[in-house]
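Report on the structure given below.
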Amino acid sequence: RGTALQPLFKMSYSCSKVGHPRPGQPYKGGNFCALLPDNKEGLKTAKLLKKAFERGLTFQIKSCNGEERVTWGLIPHKTSWDGGKARNGYPDAQYLREVGTVL
């Protein structure tokens, strides 16, 4: 598997803003970990993911069983070294190209 970059996002409790499902209501955060290969393309993707995060594009707030919570947004992330594309994991030979297109 080699060395990997592991961007870690930690989202805490807060209140949602205008444009969220229920503005002004508290939402539950969480810890999110994404995995990238430690190579030239992985580093390039990490920089693009950082820009997306800074622009508020990485996560969204969704209602789940009457509770607002942070979830992954529309940008695909790899969260496991196993399981392949079907389980948001590797191997997935097309991932870096596909996420690059989205970003």
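The values are calculated or read from the model by the stated rules, or taken from the named source; none is laboratory data. Predicted, not measured: the structure shown is a model, and the values here were computed from it. Note that each Cβ is placed from the backbone with ideal geometry, even for glycine, and that neighbours are counted across all protein chains shown. In case anyone asks, the SASA skips ligands and DNA or RNA and just uses the protein heavy atoms, side chains included. Shrake-Rupley method; radii C 1.70, N 1.55, O 1.52, S 1.80 Å.
Condition first: among the charged types (D, E, K, R) and either touching a helix residue (DSSP H, G or I) at 6+ places or on another chain (Cβ under 7 Å) or under 16 Å from residue 34 (Cα atoms) (or both). Now tell me which residues in the stretch 55-96 satisfy that. Spell out the reasoning first.
Start the filter on the stretch 55-96 by keeping residues that are among the charged types (D, E, K, R), which leaves 55, 62, 67-69, 78, 82, 85, 87, 92.
Of everything in the stretch 55-96, those that are among the charged types (D, E, K, R) and either touching a helix residue (DSSP H, G or I) at 6+ places or on another chain (Cβ under 7 Å) or under 16 Å from residue 34 (Cα atoms) (or both) turn out to be 78, 82, 85, 87, 92.
Just checking, how many residues over the stretch 24-44 are outside any strand (DSSP E or B) and under 12 Å from the mean Cα position of the chain (by Cα)?
Taking the stretch 24-44 first, the residues outside any strand (DSSP E or B) are 24-25, 29, 34-35, 38-44.
Still in the running and under 12 Å from the mean Cα position of the chain (by Cα): 34-35.
Number of matching residues: 2.
Pairs only if they're at least six apart or on different chains, beta carbon under 6 angstrom, first in the stretch 51-78 and within 23 Å of residue 93 (Cβ to Cβ), second open to solvent by 60 Å² or more (accessible area, probe 1.4 Å) and in a strand (DSSP E or B); list them, first residue then second.
From the stretch 51-78, no pairs qualify.
Limited to the stretch 50-77, what total is found for residues that are in contact with a strand residue (DSSP E or B) (Cβ under 6 Å, 6 or more places away or on another chain) and in a loop (DSSP other than H, G, I, E, B)?
Number satisfying all stated conditions: 1.
Would you tally the residues in the stretch 78-100 being in a helix (DSSP H, G or I) and either open to solvent by less than 80 Å² (accessible area, probe 1.4 Å) or modelled with pLDDT of 90 or more (or both)?
First, pick out the residues of the stretch 78-100 that are in a helix (DSSP H, G or I): 85-87, 95-100.
Checking the rest, the ones that are also either open to solvent by less than 80 Å² (accessible area, probe 1.4 Å) or modelled with pLDDT of 90 or more (or both) come to 95-100.
Qualifying residue count, the stretch 78-100: 6.
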